[in-house]
Every structure is written in C-alpha cells, then in structure tokens.
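**Q** One structure, pasted below without further comment.
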Amino acid sequence: MYQDRSSMANGIEARVPFLDHRLVEFAFRLPERFKVHLGVRKRILLETARKYLPGAVVERRDKRIFISRTGWMDLRRRRADELRSMAASRELREFALLRPAAVVSFVDDFLAGRNLDEMAVWRLYTLWHWLRLMRPAL
C-alpha cells in the first residue's frame, strides 16, 4: 500500500513481487513468528535470502523499504512518557479494534528495545491523536 501510493504520487510505475496466489496463501497460513520478530518484518524472506545472497546485500538497511520511515522520529527518546500515557489511554482502551493489554505490552516492549517496530508505534500514536481530536462514536 505504501509503495503503491508513493510511486503513484511521483509518477512511477512500481511492481510488487511475489503476487503468485499460492505463495500469498502459504504466507497467510504461517505463524506470526515467521513473519515478524523483534519488529523485523518479512522475517522468513530475510532468512531465506541469507542462504542465496551475499551478506552485504541482506544486511543493507537503505534498500529494505521504498521510503525511509524509521530513525527520524526517535520516539523512544522524545516521546516515551507520552507513549506510556497513550498505551494506557481511555481512547485506545475503548477502541474496539485493539486489545488494550496487547497495546500496553507492545509499547512497553518498544520502549525497552525488545520491539523495533517504530512505524507501528507511530501508527498507534497518530491513531490516538486522531481519536482524541475527532472523538468518533465507535
């Protein structure tokens, strides 16, 4: 979704690999531990690539995503107290699509460095602000 929006906004025709339905169906059946670990997404793809590609290619950080989305926010240092408040907030506790205990655990793990998925925390953070501002009847 992100690559599609970004490429279209800049007049670029991008192709997303691995759209064979059998591969997609297989990936949906995999347990989460094969997909995400410590905030590293596409884990099974990365581990498979290690067998076939040079280490310099697999370990690159600058080519993993279309647009760099991490590092610039520095949420751990700049927003730790606010993230704790967010995780325990009434808005997120009452938001039907989230499990409150899982949100608190996820944010605690992020702040402790056990979870590296800054983008997912950023999405929760912006959702929280949106809920506070708009106060939708959910």
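Values in this text are rule-based calculations from the coordinates and carry no lab data. Not measured: the values here are computed from a predicted model. Heads up, the Cβs are rebuilt from the backbone with ideal geometry, glycines too, and the neighbour counts pull from every protein chain shown.
**Q** Return the sequence-ordered ³J(HN,Hα) values of region 113-118 in whole Hz as given by the Karplus equation 6.51 cos²θ - 1.76 cosθ + 1.60 applied to θ = phi - 60°, using x for Gly and Pro.
**A** Using θ = phi - 60°, the values come out as x, 8, 10, 9, 7, 4 Hz.
**Q** Once fully extended, how much extra length lies between E25 and A88, figured as 0.36 nm per residue of separation less the alpha-carbon to alpha-carbon distance?
**A** On the way: separation 63, 0.36 × 63 = 22.68 nm, distance 3.56 nm.
Here the answer is 19.1 nm.
**Q** With +1 on each Lys and Arg Cβ and -1 on each Asp and Glu Cβ, how big is the dipole of region 75-134 about its Cα centre, in debye rounded to the nearest 20?
**A** 100 debye
**Q** Spelling out what I want: for every residue of region 39-44, take phi, set θ = phi - 60°, compute 6.51 cos²θ - 1.76 cosθ + 1.60 (Karplus), and round to whole Hz; glycine and proline get x.
**A** After applying 6.51 cos²θ - 1.76 cosθ + 1.60, I find x, 8, 8, 6, 4, 5 Hz.
**Q** For R99 and A56, what is the calculated FRET efficiency with R₀ set at 35 Å and r taken between the beta-carbons, to the nearest 0.05? Please list the in-between numbers first.
**A** Numbers: r = 40 Å, r/R0 = 1.14.
About 0.30, to the nearest 0.05.
**Q** Between V40 and residues 5 or more places away or on another chain, which pairs have amide H atoms under 5 Å apart, with H built 1.01 Å from N, and which residues are they?
**A** Residues meeting the criterion, in which the H sits 1.01 Å from N, are L116.
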